1. So residue 20 clears everything in (1) surrounded by fewer than 16 Cβ atoms within 10 Å (Cβ to Cβ); (2) closer than 16 Å to residue 161 by Cβ; (3) out of contact with any strand residue (DSSP E or B) (no Cβ under 8 Å at 6 or more places or on another chain) except one condition, right? Which one?
2. Return yes when residue 110 is out of contact with any helix residue (DSSP H, G or I) (no Cβ under 8 Å at 6 or more places or on another chain) and within 16 Å of residue 44 (Cβ to Cβ) and no when it is not.
3. Looking at the range 135-167 only, could you name the residues that are loosely packed, with under 15 Cβ neighbours inside 10 Å, in contact with a helix residue (DSSP H, G or I) (Cβ under 9 Å, 6 or more places away or on another chain) and assigned to a helix (DSSP H, G or I)?
4. So which residues in the range 35-53 are buried (at least 16 other Cβ atoms within 10 Å of the Cβ) and touching a residue at least 12 places away in the same chain (Cβ under 8 Å)?
5. Scanning the range 37-82 for residues that are under 16 Å from the mean Cα position of the chain (by Cα) and modelled with pLDDT under 90, which turns out farthest from residue 122 (Cα to Cα)?
6. If you scan the range 47-94, which residues turn out to be part of a loop (DSSP other than H, G, I, E, B) and either on the phi > 0 side of the Ramachandran plot or touching a strand residue (DSSP E or B) at 6+ places or on another chain (Cβ under 6 Å) (or both)?
7. Working only within the range 90-115, note down all residues that are farther than 18 Å from residue 32 by Cβ and over 13 Å from the mean Cα position of the chain (by Cα).
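The values are calculated or read from the model by the stated rules, or taken from the named source; none is laboratory data. Predicted model, so just to flag it, every value in this text is computed and none were measured. Counting neighbours? That spans all protein chains shown, and the Cβs are built from the backbone with ideal geometry, glycine included.
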């Protein structure tokens, strides 16, 4: 009986300790990458604001089955890729925002900000991914690995976008 009590108290203490440590990890994680592209702003915005053209630059979209679920002015503004629903939520001169949702999980918000500076020959495209985690310790600790998982994919996507537009 004593051994059982000791094991129970130890497990409870360990769970509280892990939960306490996880409270110091932020629940909102933003991963951001940027690249300079020598192409007009409008060309960049056209590639970003039409999900159909993502096949040309977004890593993995060239091999996945993509089905349009909503079209506006001949552009795909919503699509389904396997079990992931993609919805373009914001399209302005300087920003395109897409929401990636999967089976009732919290959506991942992707922002592409297009920034041009006077007297330069290129435009900066900044891609950021926003993750909102719950307070659960396993979610918070898993957020520490998001950078290693998504950053290389984002860099490859921006490089593909640059190569496509600078042809």
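1. Unmet for residue 20, out of (1) surrounded by fewer than 16 Cβ atoms within 10 Å (Cβ to Cβ); (2) closer than 16 Å to residue 161 by Cβ; (3) out of contact with any strand residue (DSSP E or B) (no Cβ under 8 Å at 6 or more places or on another chain): (2).
2. The answer is yes for residue 110.
3. 138, 141
4. 35, 37, 39, 44, 45, 47, 48, 49, 50, 51 - these are the residues of the range 35-53 that are buried (at least 16 other Cβ atoms within 10 Å of the Cβ) and touching a residue at least 12 places away in the same chain (Cβ under 8 Å).
5. Only one residue fits best here, namely 81.
6. The answer is 49, 50, 60, 64, 73, 74, 82, 83, 94.
7. Correct list: 91, 92, 93, 103, 104, 105.
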